[in-house]
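Just below is one structure, and these are the notes that go with it.
The values are calculated or read from the model by the stated rules, or taken from the named source; none is laboratory data. Predicted model only: the values in this text are computed from it and were never measured. Neighbour counts run over all protein chains shown; Cβ positions are idealised from the backbone, glycine included.
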Amino acid sequence: MIISGLAKSPSGLIRQVLAPYSQTREPEARMAKMIKKAELPRKSCAQCGLPIVWRKKWARDWEAVRFCSDRCRSDAKRAGRA
(Lines give C-alpha, C1' and ligand atoms only; values in the text may rest on other atoms or scores of the structure.)
Protein backbone atom coordinates (compact mmCIF):
# COMPACT_ATOMS: atom_id res chain seq x y z
CA MET A 1 0.00 0.00 0.00
CA ILE A 2 1.52 3.26 -1.13
CA ILE A 3 -0.05 6.61 -0.36
CA SER A 4 -0.61 8.65 -3.50
CA GLY A 5 1.61 11.71 -3.95
CA LEU A 6 4.53 10.14 -2.09
CA ALA A 7 7.58 8.28 -3.35
CA LYS A 8 7.06 4.87 -4.88
CA SER A 9 9.80 3.09 -2.93
CA PRO A 10 9.92 2.87 0.88
CA SER A 11 13.41 4.35 0.98
CA GLY A 12 12.17 7.27 -1.15
CA LEU A 13 9.32 7.76 1.33
CA ILE A 14 11.79 7.91 4.21
CA ARG A 15 13.98 10.40 2.32
CA GLN A 16 10.93 12.62 1.67
CA VAL A 17 10.00 12.58 5.34
CA LEU A 18 13.56 13.30 6.51
CA ALA A 19 14.54 15.87 3.83
CA PRO A 20 13.22 19.02 5.57
CA TYR A 21 15.12 18.12 8.75
CA SER A 22 18.50 17.46 7.12
CA GLN A 23 18.83 21.07 5.87
CA THR A 24 18.75 22.85 9.24
CA ARG A 25 21.50 23.09 11.85
CA GLU A 26 19.40 23.14 15.01
CA PRO A 27 19.56 19.79 16.86
CA GLU A 28 15.83 19.73 17.59
CA ALA A 29 14.95 20.35 13.94
CA ARG A 30 17.27 17.59 12.67
CA MET A 31 15.45 14.86 14.55
CA ALA A 32 13.45 12.62 12.22
CA LYS A 33 9.72 12.29 12.45
CA MET A 34 8.51 8.86 13.37
CA ILE A 35 6.99 6.89 10.51
CA LYS A 36 4.01 4.89 11.67
CA LYS A 37 3.92 1.19 10.85
CA ALA A 38 0.53 1.64 9.23
CA GLU A 39 2.13 3.93 6.62
CA LEU A 40 4.77 1.39 5.53
CA PRO A 41 4.19 -0.65 2.34
CA ARG A 42 2.82 -4.17 2.67
CA LYS A 43 2.73 -7.34 0.59
CA SER A 44 1.22 -10.78 0.98
CA CYS A 45 3.36 -13.89 1.25
CA ALA A 46 3.21 -15.90 -1.99
CA GLN A 47 2.94 -19.18 -0.05
CA CYS A 48 0.74 -18.61 3.01
CA GLY A 49 -0.83 -15.20 2.32
CA LEU A 50 0.27 -13.54 5.57
CA PRO A 51 1.05 -9.81 5.30
CA ILE A 52 4.71 -8.79 4.97
CA VAL A 53 5.51 -5.28 6.25
CA TRP A 54 8.47 -3.36 4.80
CA ARG A 55 11.69 -3.43 6.84
CA LYS A 56 14.76 -1.24 6.46
CA LYS A 57 16.81 -4.40 5.88
CA TRP A 58 14.81 -4.99 2.66
CA ALA A 59 15.12 -1.42 1.31
CA ARG A 60 17.36 -2.37 -1.63
CA ASP A 61 15.44 -5.47 -2.75
CA TRP A 62 11.85 -4.92 -1.59
CA GLU A 63 10.57 -5.83 -5.07
CA ALA A 64 12.24 -9.27 -4.79
CA VAL A 65 10.76 -10.12 -1.36
CA ARG A 66 8.06 -12.77 -1.91
CA PHE A 67 7.94 -14.95 1.19
CA CYS A 68 7.45 -14.17 4.90
CA SER A 69 9.88 -16.82 6.17
CA ASP A 70 12.42 -19.48 5.22
CA ARG A 71 9.78 -22.13 5.83
CA CYS A 72 7.41 -20.59 3.26
CA ARG A 73 10.30 -20.24 0.79
CA SER A 74 11.25 -23.92 1.15
CA ASP A 75 7.59 -25.07 0.99
CA ALA A 76 7.09 -23.11 -2.23
CA LYS A 77 10.28 -24.59 -3.66
CA ARG A 78 9.04 -28.11 -2.89
CA ALA A 79 5.64 -27.31 -4.43
CA GLY A 80 7.34 -25.85 -7.52
CA ARG A 81 6.08 -22.24 -7.09
CA ALA A 82 9.40 -20.51 -6.56
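Of the residues that sit in the range 58-74 and are of a type in the set (A, V, I, L, M, F, W, C) and part of a helix (DSSP H, G or I), which one is surrounded by the fewest Cβ atoms within 10 Å (Cβ to Cβ)?
Ala64
With the checklist (1) at pLDDT 80 or above; (2) over 11 Å from the mean Cα position of the chain (by Cα) in hand, flag the one item Tyr21 doesn't pass.
So the condition that Tyr21 fails would be (1).
When residues of the range 36-57 are filtered for being closer than 14 Å to Gly12 by Cα and assigned to a loop (DSSP other than H, G, I, E, B), how many remain?
Adding up the residues that qualify gives 4.
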